Each structure stands twice: as structure tokens, then as C-alpha cells.
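*Asks:* I am attaching a structure below and will ask some questions about it afterwards.
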Amino acid sequence: MKVLIATVKPFAMVAIEGIRQECEAAGYELALLERYTEKQQLLEAVADVDALIVRSDIVDKDVFDAAKQLKIVVRAGAGYDNIDLDEATAHNVCVMNTPGQNSNAVSELAFGLMIMAVRNFYDGKPGIELKGRKLGIHAYGNVGRNVARIAKGFGMDIYAYDAYCSKEVMEADGVHPIEKVEDLYKTCQIVSLHLPMTSETKESVNYDLVNLMPRNGLLVNTARKEVVNEMDLLRLLNDRLDLRYVTDIKPNYHDEFVHNYPGRYFSTPKKMGAQTSEANINAGIAAARQIVGYLKEGCEKFRLNK
Ligand code: 3PG
């Protein structure tokens, strides 16, 4: 069996070594395609592989067509909006993710962005502290829960909205559950996004919603750029000079944000949330183990497609 790691944004070396050990212990060969720039490179590399490990890399019909022996793809991470699940099913390929494995890394970065913004991007002027501030967590999955855990250490007053999570789970974490998403934005000066990108969430963070935020509102996005309606946000930042936006996912309209809203906007140049050695090791090794479990024992835990 041959396993390919195909990552535009490479894992830490130590994670690759861990994945290699898992594969070799199972008697599998490991191949590596890192920092590829053309889709064609991926199409050629998948031609003879049985299993594929990716991150945010696009795995579409062309990839499945080119990968004649492919049996399983594991997205080493949480969000799987980069993988065409219907095509996977049509090609008889199992798709999995590794939920929770990189969530601490992402949530720590949310605070990195938050502190940078509330300290005015370190421009020397007095900022504000997180202690006692109302924090809104939009979607209470693995990352949202880690954000709540860290926010407690900062002494923040924590609120969360999640249509799919019970209020008992939030209350057990010391988080105030919010029933209507609008109320989260009305209540909290800082809102941190942790939504997956789906047809339901796409562009759902729009003008009307963010405009509900109190004065000096700060929106933090370590989720996906697509969940925010960028045109709306551009318009809103123009209409409300008190609002700020910090994101780990460079928007399509990055240049407009930079040009029009200096001092109120920041984006990391590359998505860095999950880019720690620990997250790479956790997600990468989990991916390798899931592949071995599926190929040797038919274990389908974490399977995403039918
Ligand atoms: C995820 O969905 O797991 C995170 O957004 C991390 O994505 P990455 O592996 O592309 O950094």
C-alpha cells in the first residue's frame, strides 16, 4: 500500500516522521508532495496511491479520476469543505477528517489576533484588556470549546451560540448559552467565529448581523473566509468607524480592507491557526492511524461520506 501526503502548506518535519513511522509499522510506503504549485503535480502524484493525507488541499473530481487506486482520503484537520464528498462516494473512496486534533492551536491563535487588535496593533496608544469583556463564541465545536477554556483564564464573560449544541454542554463549561445568533452579536463586544463552511453558513456573517455589535466591536475569524460576507463587511467598516476585523484567512478583498481600513484590519499572510508542531503531529499521526485502521480493519470512525 502507498500513502501520499499532499500538502501545499507542509507539516512540521517531526509530524512527517511520526506519520512515516505509523505507515512503516503497517508495512506501507510513504510518499511526499509538498508545496506544489500546480494541480497537475497533484494529479500525477496520486496516480498510484492507495491513501491520501491532505490539509486544505482541494480534492475534487479531477483528483479522484486521476487516483485510480485510491481507497481513502484523510483531511488532517477539521474543516473538509475542500473535499468533494459526492465525488468521493461516486469513486468509492472513503473520506475522513481528524476532529479536535488541531483545535487548541487554532483557539490559541484566536487570542493572539484578539490581543493584537485590542492593543491597537501595538501602535503605542492605550488599548483595552480582555478581562471582564463579553466574548461571543459563534459555533461551539472543538475550537469554540477551547476558546471558552482559554477565555476563562483571561477572566472574560463568555457567551456562545450554536444551533447544534445543547445549552447544558455550554452551561457545564461556565458559558452563557444564547438562543438567537442575533443576541450573541448584540451582547458581545468581541465575537470569535468557529463555524464550518457549509451551504448554510456561507456568507451568513453579514452586514445586519455584525452591525448589531456594541461600540468598538471586534470580529475575529479563525474559521473560513467564506462564512463572512466580505462585501457587506467592507461596507460596514465604512459605515461604522468603531468596528475592527482580524482574520487568519486572507479575504478575497484583502487589498481593499488594507487600503480602506488601516489600523482596523489585519490578516495573517497564510492560514496559521493549525500551523504548530503539536497540531501537525496530532492531526498527521491521527490521519495515518485512521488510514491503517481503515485499510487493515475496515474501521470507519470519522468517516464523512456515505
Ligand atoms: C482545519 O479546518 O482543520 C483548520 O482550518 C486548519 O487548516 P489547515 O490544515 O489548512 O491549516
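The values are calculated or read from the model by the stated rules, or taken from the named source; none is laboratory data. Quick caveat: nothing in here was measured; it's all calculated off a predicted structure. Virtual Cβ from ideal backbone geometry, glycine too; neighbours counted across all protein chains shown.
*Asks:* Can you spot a residue in region 249-261 that is within 12 Å of the ligand (Cβ to nearest atom) and among the hydroxyl-bearing types (Ser, Thr, Tyr)?
*Replies:* Taking every residue of region 249-261 in turn, none turns out to be within 12 Å of the ligand (Cβ to nearest atom) and among the hydroxyl-bearing types (Ser, Thr, Tyr).
*Asks:* Of the residues that make up region 149-167, is at least one surrounded by fewer than 16 Cβ atoms within 10 Å (Cβ to Cβ), of a type in the set (S, T, N, Q) and part of a loop (DSSP other than H, G, I, E, B)?
*Replies:* Within region 149-167, one or more residues are surrounded by fewer than 16 Cβ atoms within 10 Å (Cβ to Cβ), of a type in the set (S, T, N, Q) and part of a loop (DSSP other than H, G, I, E, B).
*Asks:* Would region 40-63 turn up any residue that is closer than 30 Å to residue 262 by Cα, free of Cβ contacts under 8 Å to residues at least 12 places away in the same chain and not aliphatic (A, V, I, L, M)?
*Replies:* Checking region 40-63: not a single residue is closer than 30 Å to residue 262 by Cα, free of Cβ contacts under 8 Å to residues at least 12 places away in the same chain and not aliphatic (A, V, I, L, M).
*Asks:* Sticking with this one: Looking at (1) among the hydrophobic types (A, V, I, L, M, F, W, C); (2) touching a Leu at 6+ places or on another chain (Cβ under 9 Å); (3) assigned to a helix (DSSP H, G or I), can you tell me which one residue 219 breaks?
*Replies:* (3)
*Asks:* Just checking, does region 295-306 include any residue being of a type outside the set (A, V, I, L, M), closer than 30 Å to residue 118 by Cβ and outside any helix (DSSP H, G or I)?
*Replies:* No, that holds for no residue.
*Asks:* Looking at (1) in a helix (DSSP H, G or I); (2) at pLDDT below 95, which is the one condition that is false for residue 236?
*Replies:* The number of the failed condition is (2).
*Asks:* For region 51-124, which fully contained helices (runs of 4 or more DSSP H) count at least 3 residues that are crowded, with 19+ Cβ neighbours inside 10 Å and more than 10 Å from the ligand (Cβ to nearest atom)?
*Replies:* Counting at least 3 such residues, we get 103-118.
*Asks:* Give the residues of region 216-245 that are farther than 15 Å from residue 202 by Cα, of a type outside the set (D, E, K, R) and surrounded by fewer than 24 Cβ atoms within 10 Å (Cβ to Cβ), sorted by residue number.
*Replies:* Within region 216-245, 216, 217, 218, 234, 236, 237, 238, 241, 243 qualify.
*Asks:* Go through region 195-239 residue by residue and tally those that are aromatic (Phe, Trp, Tyr) and at positive phi.
*Replies:* Looking only at that region, the number is 0.
*Asks:* So which residues in region 40-50 are of a type outside the set (Gly, Ala, Ser) and either under 11 Å from residue 91 (Cβ atoms) or not in a helix (DSSP H, G or I) (or both)?
*Replies:* If the condition is that a residue be of a type outside the set (Gly, Ala, Ser) and either under 11 Å from residue 91 (Cβ atoms) or not in a helix (DSSP H, G or I) (or both), then 46, 48, 49, 50 are the ones that fit.
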